[in-house]
Amino acid sequence: MTCLNRKDLGLLALRTAVGGVLIAHGTQKLFGWFGGGGLEGTAQGMEAMGFHPARQSAIAAGLGEAGGGAMLVVGLATPAAGAIVAGTMAGAVSVHAPAGFFSTAGGFEYPALIGAAGLSLGLSGAGRYSLDHALGHRVDRPWIGLLAFTASAVSAYSVVARRRHVVRLREERAAVDAGQEGTGLS
């Protein structure tokens, strides 16, 4: 009889908690479950936040959360799952960063914590109680982690930079419009 390993139980508990939260948030975006807006509502929100194209951004965010979360829960391709979660949360951090750190003020505390948990799980691996372990770590190789985290970082940077550009253009347009309103010209 094999004794239960505390470290592996801890990883299972963390994967289940973080992955479960992500699955709930992702299915809100994709299907409108748990009071979410579904794809249409999420796309409208993405548009308002400066993510373009909005519908594709909504799909990517929903799949990143629900898919990355599901992969974490079962412990499958954990380096890739962690990279997906970290990259997806980088986009969320970019939205909340102007409000500061604490979530009580709308800050980035929550997505940063979820992203850090995904990063940590991706680096540490899923542990013994996982599909990765059951499959002999065939999809849990160091090179997969390196490739996944590199792709995630490049993708997150690209998405966040594009969003910043869109937000900056909106702010400039609003400033021009506000200046024209003050001139009395119509």
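The values are calculated or read from the model by the stated rules, or taken from the named source; none is laboratory data. Because the structure is predicted, anything quoted here is derived from the model rather than measured. Here the Cβ positions follow ideal geometry from the backbone for every residue, glycine too, while neighbour counts run over all protein chains shown. Keep in mind that these areas ignore ligands, DNA and RNA; they rest on the heavy atoms of the full protein, side chains included. Shrake-Rupley method; radii C 1.70, N 1.55, O 1.52, S 1.80 Å.
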Using the Cα gyration tensor of the stretch 106-186, with a ≥ b ≥ c the square roots of its eigenvalues, what is the shape: rounded (a/c below 1.5), prolate (a/b larger than b/c) or oblate (neither)? prolate
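If you place +1 on the Cβ of every Lys and Arg, -1 on the Cβ of every Asp and Glu, and leave all else neutral, what size is the dipole of the chain about its Cα centre, to the nearest 20 Debye?
Values: 14 positive and 11 negative charges, 103 e Å.
Dipole about the Cα centre, nearest 20: 500 debye.
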Accessible area per residue, 1.4 Å probe, Å², for the chain: what's the number? 57
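Extension gain Trp143-Lys7, at 0.36 nm per residue separation less the Cα-Cα distance, in nm? Walk me through the numbers on the way to the answer.
Working: separation 136, 0.36 × 136 = 48.96 nm, distance 2.38 nm.
Length difference between fully extended and current span is 46.6 nm.
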In whole Hz, the Karplus estimates of ³J(HN,Hα) for the stretch 104-113 (6.51, -1.76, 1.60; θ = phi - 60°; x where Gly or Pro) are 4, 9, x, x, 8, 3, 5, x, 5, 5
Over the chain, what is the relative contact order in percent, taking alpha-carbon pairs closer than 8 angstrom and at least six residues apart? 22
Residue among Gly118, Phe108, Ile59 farthest towards the positive dipole end of the stretch 1-144, charges placed on Cβ: Gly118
Give the residue from Leu131, Ala148, Ala43 lying farthest towards the positive end of the charge dipole for the stretch 36-150; charges sit on Cβ (+1 for Lys and Arg, -1 for Asp and Glu) and the dipole is referred to the Cα centre. Leu131
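Within a Cβ distance under 13 Å of Pro53, other residues only, what is the Lys/Arg minus Asp/Glu net charge? Walk me through the intermediate numbers first.
Values: positive: Arg55, Arg162, Arg163; negative: Glu47.
Net charge in that neighbourhood comes out at +2.
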Quick one: with all protein chains in place, what share of the accessible area of the chain is carbon or sulfur, to the nearest percent (1.4 Å probe)? 67
Using a basic spin-label model with each label point 7 Å from the Cα along Cα→Cβ, how many nm lie between Ala178 and Ser120? 4.1
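Under 1.5 on a/c is rounded, so check that first for the stretch 1-100, then, if it is not, pick prolate when a/b is larger than b/c and oblate when it is not; a ≥ b ≥ c are the square roots of the alpha carbon gyration tensor eigenvalues.
Details: a/c = 2.65, a/b = 2.10, b/c = 1.26.
Cα axes put the stretch 1-100 in the prolate bin.
Could you give the size of the charge dipole of the stretch 4-74 about its Cα centre, using +1 on the Cβ of each K and R and -1 on the Cβ of each D and E, expressed in debye and rounded to the nearest 20? Show your work: numbers first, answer last.
On the way: 5 positive and 4 negative charges, 57 e Å.
For the stretch 4-74, the charge dipole is close to 280 debye.
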What is the angle, in °, between the Cα long axis of helix 38-49 and the longest principal axis of the Cα atoms in the chain? Nearest 10 is fine, range 0 to 90. 50
Percent relative contact order of the stretch 1-109, based on C-alpha pairs within less than 8 angstrom and at least six residues apart? 22
Ellipticity estimate at 222 nm from DSSP helix runs (n ≥ 4, -39,500 (n - 2.57)) divided over the chain, nearest 500: -25500 deg cm²/dmol
Can you give me the Rg/Rh ratio for the stretch 45-169, using Cα atoms for both radii and the Kirkwood formula for Rh? 1.02
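Rule-of-thumb check for the stretch 62-119: C-alpha Rg over 2.2 N^0.38 Å? Don't skip to the end; give the middle numbers.
Values: Rg = 11.7 Å, N = 58, 2.2 N^0.38 = 10.3 Å.
Scaled against compact globular proteins, the figure is 1.14.
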For the stretch 15-38 and the stretch 114-186, write down the distance between their C-alpha centroids in whole Å. 18
